[in-house]
Each structure stands twice: as structure tokens, then as C-alpha cells.
């Protein structure tokens, strides 16, 4: 289904539990891929898994770089979130228990959803609006990145991906714009709970980036869980479903969402 009038039409899927009475707590899922690749179809198994646990699962596509640069991707994820709230009664979605998750670039976008508290500029071309507040009840990020004010920690190949997303070289972007793009710059204590998951062997996005972001969240009193997986590399979720890293991270996500769904 299309959730935005932008061209090409950004689309989403809705997976619902086969049994049980709604409305169902809802997970909005944002794929990774360095902003220039990836597809919502990669979430089909995880969607079925969480639907079996009683969740609605909503994976989305968004416009990709280099054809579309910032802020297109952030606009799309905010528009998808507003679609969930606008259509919650049609699809039996619990709009009081909406969670977002993402991996890598999708994790960054999920973090933007969880930290930006004045998203009006990102919704200018979206047909739906968000509630006045509390539009997300929890955020799960796998191997995400959160700070563009410096790119010293990013490997050269990943800097190239970021510059495709930005549409310019790092040196050409105003510091204020880099801060605007950075989830950490928005942290003010009003964020929903976060679960951050990262591997110690991640050579694309070093795990200290999640550690630093967790410290920023905790520093202003945000409920934060940090799971550092020894021996896990970037994009470990693409590996064997039953691997120890996938199992441990999935169980952590299940426990995190289950606790929040009961509040």
C-alpha cells in the first residue's frame, strides 16, 4: 500500500496476527542498506514471527539515494508513521502501542523517529498528521549511527554512502544541517524507551557509536537498554535465523516490546 504521494510511491505492508482480538501493538520496521539499497521484503520472516506473537508488523520502503537525498528518507519514515496513526482503526492497529525498529541506515531513521519532537518540516508533503505527542512508545535499533557532526569514526567506504545520502561532501554541509540530521542532537529527555543492539566486530559502524548514544539518552533520563554482542559483525541479522546472535537479539527485542506493550 502507498503511504505517501511522493514519486515513486513509497509503500508498506501490514502483517496481522491470524488469531486474537485487536487492536494489536504495532511494529513499524525500516530496512537498512546504506540509504541506497534494501527492501521491505527482507522482513517477511521477522514479520511472520512477530505476528505469531500478537503484533501487527508494518515494514516499509522509502526513497533511496543517490536519486533522493536528505531529507527525503526522513520525510518518508515520518509519513509512514503518520499513516499508521491515521489508519489504525481500519487495520486494527493499537495506536497507543506503536514501536519502530530499524537496522543500520534504517536504524538511523528509526532513531530520528524516536528523537525528533518537532517533525513538522518533515511532514509538509504528507497527507496525514501525527498526534500532538507520544506517537511512539519504543524504539529498537540494530547497529545504528546517530551523529553526523563528525565523520572521523566512519570507515571511508561508509563515508561515501553517507555523502550519497547527504547529496554533498561532508565539508560542503553546514554544521547546523549536520546537527539537524543527527539523532543525538535532538535528545532532550522526551524520548521513548530505546533498545540499542550492536556487535563488537562491526567494521562498518563501530559499536562505540551505540555506546555513546546510549550514554546520551541515559544522561537525560531516557529508559535505555544496550546489548553489545561479542563477535557479531555488521548486518548479523542477515545471517542464520537460529544463530546465537540472532536468537539473543530477537529475545531481547521480544522482552523489550512485551514489557512496553503492557504499559
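Since every read-out is calculated from the coordinates, none of them should be taken as a lab result. Predicted model, so just to flag it, every value in this text is computed and none were measured. A quick note on method: Cβ atoms are made from the backbone with ideal geometry, for glycine too, and the neighbour counts reach across all protein chains shown.
Report the label-to-label distance for residue 228 and residue 86 in nanometres (one decimal), using points 7 Å from each Cα along the Cα→Cβ vector.
Here the answer is 4.3 nm between the modelled labels.
What nm distance separates the two modelled labels at residue 53 and residue 259, each placed 7 Å from Cα along Cα→Cβ?
1.4 nm
Largest first and in whole Å, what are the equivalent-ellipsoid semi-axes of the chain based on the Cα gyration tensor, each being the root of 5 times an eigenvalue?
Whole-Å semi-axes of the equivalent ellipsoid: 26, 22, 18.
Where both residues lie in the chain, what percent of DSSP beta bridges are antiparallel, nearest 5?
10 percent
Would you work out if segment 118-251 is rounded, prolate or oblate? Take a ≥ b ≥ c from the square roots of the eigenvalues of the alpha-carbon gyration tensor; rounded if a/c is under 1.5, else prolate when a/b is larger than b/c, oblate otherwise.
Cα axes put segment 118-251 in the oblate bin.
I need the calculated FRET efficiency for the pair residue 125 and residue 248, taking r as the beta carbon distance and R₀ as 41 Å, to the nearest 0.05.
0.55
Hey, rough spin-label estimate for residue 21 and residue 1, points 7 angstrom out along Cα→Cβ, what's it come to in nanometres?
2.3 nm
Whole-Å semi-axes of segment 27-179's equivalent ellipsoid, largest first, each the root of 5 times a Cα gyration tensor eigenvalue?
Computed over segment 27-179, the values are 27, 18, 13 Å.
Using a Förster distance of 22 angstrom, determine the FRET efficiency expected from the C-beta separation of residue 37 and residue 177, and round it to 0.05.
According to the calculation, E is roughly 0.35.
Express in nm, to one decimal, how much length is gained between residue 9 and residue 159 on full extension, taking 0.36 nm for each residue of separation and deducting their alpha carbon distance.
51.2 nm
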